[in-house]
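Take a look at the structure below.
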């Protein structure tokens, strides 16, 4: 018998789409599966749909829990997996026929610790294909592509989600890889970065395996419909994890320059929405200037565009918080002169959500 695959489905109030999701799993050509339906405190009848499937197919197990968010539901599922491999599916999405078969076959190749497939992103009548461009990657190769690939529907896309990907349970258990429940968005990327640290090779099967539906924000609120003013915290953590995998120092210098440039842009965004920081941004800037990876990034940073500030990197390196704060605020005010602020604001850390 081929290896068992555990499929974790975090569920919260998606009754309209849930049957489509579950049916796409149970109808797979690869039948040695267990489907773990993690009901994260649903109140729209999704919980009843879960129980119905568990009664009709012994491959389905249901775990009901209090609402704790997507990362919490995924972690709850990881506790119950019994398969040699595991994967994820959002409850309003689906897997294409034959997908698990293709991913599991890739895992049989010697040295492969992570198998990924292409995604179909559907927005109304528009469908976009997201895929990488090589069959096998070392972990260094895939990290370099994550950090440099300019195509938004290529490596960065595929490696920022746990959906459409097959993981080894042995790696998860040996190294205690779990989701960071502090993050509303980005917990996928952080999980993948933690897992990549222990991979030999990643294999891309090229074929589309997963369908990701982007719904109108009035129908179902999704992460992309919000502005995240504290996204710089995720960026620092993500880069830290990825750069810890790389061995080439020259690449790290380039990526630290990119990190610092990204952080400055995200800090300007934070300043635009500074009222959403209960402890104020001043103390946040103090923490950032004492963060090792950002200290190193500031020291190697070089201006890329004429519009880039000369003062901000200098204030950052000198830990001149007052001047740094004022310079960021000045840039934010210039932006606000031309653009109105979005009202859909949400902080990444769940204990600070507004």
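Only the coordinates and a few stated rules stand behind these numbers; no lab work does. Remember, predicted model here, so these are calculated numbers, not experimental data. Counting neighbours? That spans all protein chains shown, and the Cβs are built from the backbone with ideal geometry, glycine included.
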Give the calculated FRET efficiency between residue 175 and residue 340 to the nearest 0.05, with a Förster radius of 41 Å applied to their Cβ-Cβ distance. 0.35
Under 8 Å for C-alpha pairs, at least 6 residues apart: give me the relative contact order for the chain, rounded to a whole percent. 16
Between region 12-35 and region 271-343, what is the C-alpha centre distance in whole Å? 45
Computed on Cα atoms, the radius of gyration and Dmax of region 171-210 in angstrom are 12.2, 33
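What fraction, in whole percent, of alpha-carbon pairs in region 4-160 exceed 20 Å separation? Write out the running numbers ahead of the final one.
Values: 6657 of 12246 pairs.
Of all Cα-Cα pairs in region 4-160, 54 percent lie more than 20 Å apart.
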Which of 215, 276, 157 fluctuates most in a GNM of the chain (C-alpha springs under 10 Å)? That residue is 215
With no solvent and one point per C-alpha, what does the Debye sum give as log10 I(q)/I(0) for region 24-117 at q = 0.18, 0.19, 0.22 Å⁻¹? -0.90, -0.99, -1.26
Hey, what angle do you get for helix 139-148 against the long axis of the chain, alpha-carbon based, 0 to 90 degrees rounded to 10? 50
Semi-axes of the equivalent ellipsoid of region 227-352: what are they in whole Å, largest first, if each equals the square root of 5 times a C-alpha gyration tensor eigenvalue? 24, 17, 14
Calculate, for residue 246 and residue 275, the FRET efficiency according to 1/(1 + (r/R0)^6) with r their C-beta to C-beta distance and R0 35 Å; round to the nearest 0.05. 0.40
Simple spin-label estimate for residue 79 and residue 122 in nanometres, 7 Å along Cα-Cβ: 3.4
Using a 10 angstrom cutoff on alpha carbons, build the Gaussian network for the chain and name the most mobile of 147, 36, 166. 147
Using only the Cα atoms of the chain, each taken as one equal point scatterer with no solvent, compute I(q) by the Debye sum, divide by I(0), and report log10 of the ratio at q = 0.06, 0.12, 0.14, 0.15 Å⁻¹. -0.24, -0.93, -1.21, -1.33
Contact order normalised by residue count of region 123-162, Cα under 8 Å, 6+ apart, percent: 47
For residue 135 and residue 282, extending 7 Å from Cα along the Cα-Cβ vector and measuring point to point gives, in nm, a value of 6.0
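Two decimals is fine: what's Rg over Rh for region 131-190, C-alpha atoms, Kirkwood radius as Rh? If you can, show how the numbers build up before the last one.
Values: Rg = 12.6 Å, Rh = 12.9 Å.
Answer for region 131-190: 0.98.
Which whole-number value in Å³ per residue fits the convex hull of the alpha carbons of region 168-283? Can you show the working numbers first?
Values: hull volume 20.5 nm³, N = 116.
Spelled out: Cα convex hull of region 168-283, divided by residues, is 177 Å³.
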Let me check the size of region 88-226 from its C-alpha atoms; what are the radius of gyration and Dmax in Å? 14.8, 46
On the Cα set of region 300-354, report Rg and Dmax in Å, please. 14.6, 38
Approximate shape of region 78-145 as ellipsoid semi-axes (Cα gyration tensor, √5λ), whole Å, largest first: 22, 19, 12
Using 7 Å Cα-to-Cβ label points, what is the residue 314/residue 67 separation (nm, one decimal)? 5.0
